[in-house]
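The values are calculated or read from the model by the stated rules, or taken from the named source; none is laboratory data. Since this is a predicted model, take the numbers as computed values, not measurements. With ideal geometry, Cβ positions are generated from the backbone for all residues, glycine too; neighbour counts draw on all protein chains shown. The area values use the complete protein model at the heavy-atom level, side chains included, leaving out ligands, DNA and RNA. Shrake-Rupley method; radii C 1.70, N 1.55, O 1.52, S 1.80 Å.
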Amino acid sequence: MTETRHFPSADERMPRIPLRAIIAFVVLAVGLAWLAALPLWLGDGLAEPFAGVLLIVTMYTPALALLIVLVTMRPIPKGQRLRFLGMWPLRPARRVIWMSVLGLFGPVVIVIAAMLLAVAFGWLQADFAGLSGFTQMLGQSLPSGVELPSPWFLVAVQIAAIPFAAATINAVAAFGEEVGWRGFLVPALRRYGTWPALLISGVVWGLWHSPVILLGYNFGRTDLTGVLLMTAGCIVWGVLLGWLRLRSASMWPAVFAHGALNASAGLPVLFMTAGAEYDPALSMALGVSGWIVGAVVIVVLLVTGQFRRQPALADPRPPKYPASTLPPVEPPA
């Protein structure tokens, strides 16, 4: 009879996050978001001169909530935190790189497809030839007498700059959210199943936006409908960003995808017809047209089995155990 050892799999070596730590993170993230937005509620709302700064500060409340939970509750051992959050190591490098490239360009394609769908359904009146709406905005923003530059040149420059903005300044801002939502919350909830993890994290992400959505941010609605619209959009986009996280075993593709979404979300406004009404609830990427296109992409990923392809989030190599100092067991005669 010989001694046998059980080498735990990579998933078995993942820290099992207690439910109390998950709840504490969510409560802290939401509470800190309300605290960050409090000066806007006490002042002139989004019209406050410092509103843009507070919006960026709010994006880092999930990161702060995560830091508090890690320090006080220690749900992840110190040596495993970067790996659990998907921050390091970046291997296999080829997979992380290609998924990051998909994160940079995929959301832009979805945003454009959603815009075209809105045009097809009559939700958005677009002027792709003359860019009359954008020309009108330029004329209102420039001093009188200043010659207008070519609107198509400016639009082309803005579109070309989207991946660079997504990978730099927008990624820095998106990191504050993604380290919490896709870095911590999705893998923490994965023990309840892939789809519960993706859907629950999407709902939390959407409700977390409530302090600024109720001020009219994104949809111009200051009631529950704005929160419901944002939550629905975050569920769809949360599934897509969560898939990038689980498929790559890294949080960075989701960071770049979040940055690309923020950088390209305003594209429909550039192609509007002058004087036309614009309802972001129908035409923007977080609105109905974005839900439809995003749902189609999710179905394609589901049918092709992409949600079943999830590499281990822990180190796939078996741990190194010290050699046994016990004498060998002699087999029975």
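Mind pulling up the Rg/Rh value for the chain? Radius of gyration and Kirkwood radius, both on Cα.
My calculation of the ratio gives 1.07.
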Query - Relative contact order of the range 208-284, defined on C-alpha pairs under 8 angstrom at six or more residues apart (%) - result: 21
Query - Highest-MSF residue in the chain out of Met137, Met99, Met14 [GNM, Cα springs under 10 Å] - result: Met137
Requested in this report: Mind checking the range 68-160 for chymotrypsin sites (Phe, Trp or Tyr not before Pro) that DSSP puts in a loop (not H, G, I, E or B) and that have at most 14 other Cβ atoms within 10 Å?
Outcome: Phe121, Phe128
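Compute, for the chain, the length of the dipole vector about the Cα centre, with Cβ point charges of +1 (Lys, Arg) and -1 (Asp, Glu) only. Units Debye, rounded to 20.
Value, rounded to 20: 1640 debye.
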Query - Among Gly206, Gly183, Gly106: highest mean-square fluctuation, GNM of the chain, C-alpha pairs under 10 Å - result: Gly106
Query raised in the report: What share of all Cα pairs of the range 114-192, in percent, falls into each consecutive 10 Å distance bin?
Result: 14, 25, 28, 21, 9, 2, 0
Query raised in the report: Whole-Hz Karplus ³J(HN,Hα) for the range 43-58, in order, using 6.51 cos²θ - 1.76 cosθ + 1.60 and θ = phi - 60°, x for Gly and Pro?
Result: x, 9, x, 5, 7, 4, x, 9, 4, x, 5, 5, 5, 5, 4, 4
Query raised in the report: Roughly speaking, to the nearest percent, how much of the chain's 1.4 Å accessible area is carbon and sulfur?
Result: 70
**Report entry** Calculated FRET value between Val27 and Ala295, using beta carbons and R₀ = 22 Å, to 0.05
**Finding:** 0.15
**Report entry** Most mobile listed residue (Ala51, Ala63, Ala165) in the chain, GNM with C-alpha springs under 10 Å
**Finding:** Ala51
Query raised in the report: With the contact rule set at Cα under 8 Å and sequence spacing of 6 or more, what percent relative contact order holds for the chain?
Result: 30
Query raised in the report: Which residues make up the longest stretch of the chain that has no trypsin sites (Lys or Arg not before Pro) in a DSSP loop with at most 15 other Cβ atoms within 10 Å?
Result: 17-307
